[in-house]
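Colleague: Shown below is the structure under consideration.
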Amino acid sequence: MSEVEILKPLKTWSHLAARRRKPSEYEIVSVSLHYNDRPGSAAPYELDTNLFMNRWYVQHRNGSPLKHADWNAFRDPDELIYRTYCLLQDGQETYVHGLFDQFNEREHDKALSPLWAGTLARLYTPARYLFHTIQMASAYLAQMAPASTISNVATFQGMDAFRWLSHTAYRTKELQATFPDKGFCINERTYWEQDPAWQGIRELMEKLLVAYDWAECFTALNLVAKPAIEECVLRQLGNAGRHHGDLTLSLLADAQLIDAARHRRWATALVKMALGTEGNGDVIRGWVAKWTPLADAAVDAYCAALTESPEAASNAKEAAEKFRQSLGI
C-alpha cells in the first residue's frame, strides 16, 4: 500500500511568502489580483480562444514587444491603495475648494482683465476635453496592464484626470458668471475642435487613444503626452496666469502638478523595471521617437497662443525632455 502524501496547507497570501515577512496592506490588496494573466494562456478569459476579447488581450497585452518575466513584481513607489488615495486626495480637494471659496469671497474674477478672460475662454476652459482624453487613456491602460499593481496606478491617474476636469468645469461656470459675454460654457467645444492652439494636442490625444498595445499606450501617455501637456497647459498657462493676476489659475495648476509628479514617479519605476530585460530599452526608445514629434508640435501650437511668454514652448519641451532623460532610456 503506497504512502499517502500529506500536503501542507498554503499560508494566507502564499504568493507573497517569498519575502519572508508579513505582507503590507499595500501588498495584500494590490499584488497579483488579475485573474486573466495566466502565463502562456491563449484564452486570458476562460471562454472560447477565438472570442474577440481573448484575441484582443493576446495581441495587445500578451503579444506586446515590451517583455518581462514577472510584471507582478512592479510596485508603486507611493504604495497607494484606494483607502490611502482617498485620504490623500480628500486633503487635496479640501485645499482646492478652499482656493475656490476664498477667491470667490474676494471677488477675484472681477479683478481680471477682459483680455485675460478671453484668453481663459480660449486656452483654459476647453481643457476639460483634454483632461477627459487623459482619463480615457488611463482607463484603457488600467484595463490592459499585465499586472494589478500597474492597473491600480493607472486607475488613480485616471481619477486625478477626472478631478482636473471637474476643477476646470467648476471654474468655467464661475467665469461665466463674471464674464457672460466671453462664451464660457458655450464655445469650449468649438475651441477644442477648431482653434489652432488646440489642434496639435487634439491630434496627439486622438491618435494616442488608438495606441492599443498596452506598453505603447503607457509610453505615449506617461512618457510623452502627459509631460508635454503638464508643462504647457498646466505650468506655462499657470505662469501666464500669475502675470495677469490670476492667482486662482496659478495655484490650481500648482496643485494639479503635485498629482502629475506622483504619476511620473510610478512611470519612472515601471520604466526602470522594464529596462532590466534585454531589448526593452530599444522598444521604449522607438515609441518615444515615434510620439515625441507629435507632442512637440502640440506644445508649439499651444504655446504660440501665449504671446506674453515667448519662451513658453522651449521651456515646456525642455522640461518634458529632461524628464525622459532621467529615465535612462
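The values are calculated or read from the model by the stated rules, or taken from the named source; none is laboratory data. As the structure is a computational prediction, the values presented were derived from the model and not from experiment. All Cβ positions, glycine included, derive from the backbone under ideal geometry; neighbour counts span all protein chains shown.
Colleague: K173 - would you say it is surrounded by fewer than 15 Cβ atoms within 10 Å (Cβ to Cβ), of a type outside the set (V, I, T) and either modelled with pLDDT of 95 or more or under 21 Å from the mean Cα position of the chain (by Cα) (or both)?
Modeller: Yes; evaluated as a whole, the condition is true for this residue.
Colleague: Looking at G98, G63, can you tell me which residue is small (G, A, S) and closer than 29 Å to Q176 by Cβ?
Modeller: The match here is G98.
Colleague: Still on this structure, I have one more. Please count how many residues of the stretch 192-223 are closer than 23 Å to T155 by Cβ and crowded, with 22+ Cβ neighbours inside 10 Å.
Modeller: Number satisfying all stated conditions: 13.
Colleague: Could you tell me how many of the residues in the stretch 170-205 are within 17 Å of A117 (Cα to Cα) and acidic (D, E)?
Modeller: Residues in the stretch 170-205 being within 17 Å of A117 (Cα to Cα) and acidic (D, E): 4 in total.
Colleague: With respect to the numbered conditions (1) out of contact with any helix residue (DSSP H, G or I) (no Cβ under 6 Å at 6 or more places or on another chain); (2) not in a helix (DSSP H, G or I), which one is the sole condition not fulfilled by K272?
Modeller: All conditions pass for K272, except number (2).
Colleague: Name the one entry in L294, L327 that is in contact with a helix residue (DSSP H, G or I) (Cβ under 7 Å, 6 or more places away or on another chain), assigned to a loop (DSSP other than H, G, I, E, B) and surrounded by 12 or more Cβ atoms within 10 Å (Cβ to Cβ).
Modeller: The match here is L327.
Yes or no, residue by residue, for (1) of a type outside the set (V, I, T); (2) more than 30 Å from P23 (Cβ to Cβ); (3) part of a helix (DSSP H, G or I):
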| position | (1), (2), (3) |
| --- | --- |
| Y85 | yes, no, yes |
| D101 | yes, yes, yes |
| A121 | yes, yes, yes |
| T125 | no, yes, no |
| Y129 | yes, yes, yes |
| A137 | yes, yes, yes |
| Q143 | yes, no, yes |
| N152 | yes, no, yes |
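Colleague: Of the conditions (1) closer than 30 Å to Y57 by Cβ; (2) in a helix (DSSP H, G or I); (3) out of contact with any helix residue (DSSP H, G or I) (no Cβ under 6 Å at 6 or more places or on another chain); (4) not aromatic (F, W, Y), Q157 fails just one. Which one is it?
Modeller: Failing condition for Q157: (3).
Colleague: Next up: Quick check on this structure: which one of L237, L252, L247 is out of contact with any Gly (no Cβ under 8 Å at 6 or more places or on another chain), more than 30 Å from D70 (Cβ to Cβ) and in contact (Cβ under 8 Å) with a residue 40 or more places away in the chain?
Modeller: Unique residue meeting the criteria: L237.
Colleague: Another question, then. List pairs: first residue in the stretch 108-122 and closer than 18 Å to L251 by Cβ and at pLDDT below 95, second residue of a type in the set (D, E, K, R) and crowded, with 20+ Cβ neighbours inside 10 Å anywhere in the structure, Cβ distance under 6 angstrom, at least six positions apart or on different chains.
Modeller: The qualifying pairs do not exist here.
Colleague: Could you check how many residues of the stretch 36-78 are farther than 27 Å from E278 by Cα and surrounded by fewer than 17 Cβ atoms within 10 Å (Cβ to Cβ)?
Modeller: Total meeting the criteria: 9.
Colleague: Given the criteria crowded, with 17+ Cβ neighbours inside 10 Å, among the charged types (D, E, K, R), closer than 27 Å to T149 by Cα and at pLDDT 95 or above, does R285 qualify?
Modeller: So R285 does not fit the description; no.
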